[in-house]
Amino acid sequence: MQRLLISTRAESECHEIARRLRGASAVWNGGRPPREPFAEGFDAVAFPSPNADTPAELALGVRAGKHLLLVDPWQVPEQAVTWMFTQARAAGVRFVVANYDRYWPSRRLIHQELVAGKLGRPGLVRIHRWWQLALDDSSLGQRLPPGLSRDLDLAIWLAGARPDVAYACGDIANVGAYLQVHLGFDGGGMALIDYCTRLPEDSRGYQSLHVIGSSGAAYCDEQQQVQLSFGGGLPRAVIGRDSYVVPSIVQDFVDDTPAEASLAMSYAQWQHVRAAAEAARQSLATRKAVRVEAVA
C-alpha cells in the first residue's frame with residue numbers, strides 16, 4: 001500500500017480524501033510546511049489546495065524523489081509549475097497536474113462523448129461562469145484569474161486541439177473581473193468563454209457548458225439543476241452542483257492511470273493553456289486578436 005502525505009491547511013480536507021481513498025493510506029501534514037528531509041516515510045505528496053508555501057514544498061519534494069500531485073496549478077506561479085515539470089522529468093519522478101473542472105461528472109461525460117465520436121468534430125465550445133465577488137481579483141495586475149485559466153484548459157481539452165488565435169475584452173484591473181475570451185482553432189472551430197466575478201458576495205453563482213459538434217451537441221446548464229428546498233418559511237431555489245472531485249483526482253494519481261486514460265494535464269497541454277492565456281493577456285492590452293504561440 002502506498003503512503004501518501006496530504007499537504008493542506010485544512011485537516012477536514014485530508015480526512016475526506018482519506019475516507020474515500022483505495023489502495024493507499026493518507027496522512028495530513030498538520031497544515032505546516034515541511035523541512036528537509038522532506039516527507040520521510042511517504043511515497044508521494046498531494047497538494048489539493050495550493051497556497052503560498054506550495055512552490056517551495058514542490059521543490060523539496062522533487063529533490064527527495066517523491067511523486068507529486070498538484071491540483072488547480074493556477075494557484076501557483078506558472079513559471080514554478082513549468083520548472084517542476086522539467087525537474088521531475090530529470091529526477092525520474094511523477095509530477096501530475098490536474099484541473100478539477102475536468103473531473104466533474106458532467107464534463108467527463110461530454111468529453112467521453114466527443115472521444116467516442118458521437119458528437120462529431122467540435123465546432124463550438126461555450127463556457128459561461130458568473131461567480132460571486134472575488135476580493136483577491138484586485139491583486140491580479142495583468143494576470144488572468146485562476147478560474148478563467150481553468151476554463152481555458154477545459155475549452156482546449158474539449159476541442160481536442162491547440163488554439164491558433166485569441167481575442168479578449170473586458171476588465172481585470174478593478175475589484176472583480178469581467179472578461180470574454182474567444183479562441184479560434186485550425187479548421188474553423190472556436191470557443192467562447194464568458195467569465196465574471198462581480199456578482200454580490202452572497203450570490204450562488206451560475207455556470208454552463210455547451211459543446212456543438214458536426215453531428216451532435218451536449219450541454220450542462222445549472223439552470224436545469226435548480227431544486228426547491230423547503231426548510232420553514234419561503235422555499236429557496238438551490239442549484240445542485242457537481243460533487244467534490246478531489247478524492248477522484250487523488251485516486252487517479254494513486255492508481256497511476258495511463259496517460260491516455262487519465263484526465264490529468266500533460267506537459268504539452270499545460271503549455272498550450274499557458275500560450276493561450278498569454279495571447280489573451282496581450283489581446284486585452286492591445287484590443288486586437290493575437291496569434292497563440294506554438295509550443296513544443
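Since every read-out is calculated from the coordinates, none of them should be taken as a lab result. Small disclaimer: the values here were computed from a predicted structure and weren't measured. With ideal geometry, Cβ positions are generated from the backbone for all residues, glycine too; neighbour counts draw on all protein chains shown.
Helix 105-115 against the longest principal axis of the chain: what's the angle in degrees, Cα atoms only, rounded to the nearest 10?
Roughly 70 degrees, rounded to the nearest 10.
Which of the listed residues, 127, 85, 246, is farthest toward the dipole's positive end in the chain, when Lys, Arg count +1 and Asp, Glu count -1 at the beta-carbon?
Sorting the options by dipole projection puts first 127.
Over all distinct alpha-carbon pairs, what is the Kirkwood Rh of the chain in angstrom?
Values: mean 1/r = 0.0492 Å⁻¹.
The Cα-based Kirkwood calculation yields 20.3 Å.
Sticking with the crude label model, points 7 Å out along Cα→Cβ, report the distance from residue 82 to residue 32 in nm, one decimal please.
3.6
If the label point is 7 Å along Cα→Cβ of residue 91, which residues in the range 65-81 have backbone nitrogen under 15 Å from it?
65-70, 80-81
Give or take rounding to whole Å, what are the principal axis extents of the alpha carbon atoms in the range 2-98, in descending order?
Over the range 2-98, Cα extents along the principal axes are 33, 24, 24 Å.
What is the packing order of peptides 179-187, 210-218, taking the mean over residues of other C-beta atoms within 10 Å and listing the highest first? Could you put the intermediate results ahead of the total?
On the way: 179-187: 18.1, 210-218: 16.1.
Answer by packing, highest mean first, reads 179-187, 210-218.
Given Cα pairs under 8 Å that are at least 6 residues apart, what percent is the relative contact order of the chain?
Working: 585 pairs, mean separation 54.9, N = 296.
About 19 percent, as a whole number.
Ignoring everything except DSSP H segments at least 4 long, calculate the 222 nm mean residue ellipticity for the chain; use -39,500 (n - 2.57) per segment, divide by total residues, nearest 500.
On the way: 7 runs with 88 residues, N = 296.
After summing the helix terms and dividing by residue count, I get -9500 deg cm²/dmol.
Might you report the magnitude of the Cβ-based charge dipole of the chain about its Cα centre, with Lys and Arg at +1 and Asp and Glu at -1, to the nearest 20 debye? Present the calculation step by step, with values, prior to reporting the outcome.
Numbers: 30 positive and 31 negative charges, 49 e Å.
The calculated dipole for the chain is roughly 240 debye.
State the extension gain, in nm to one decimal, for the chain segment bounded by residue 288 and residue 56, taking 0.36 nm per residue of separation less the distance between their alpha-carbons.
Details: separation 232, 0.36 × 232 = 83.52 nm, distance 3.74 nm.
Net length gain for the segment: 79.8 nm.
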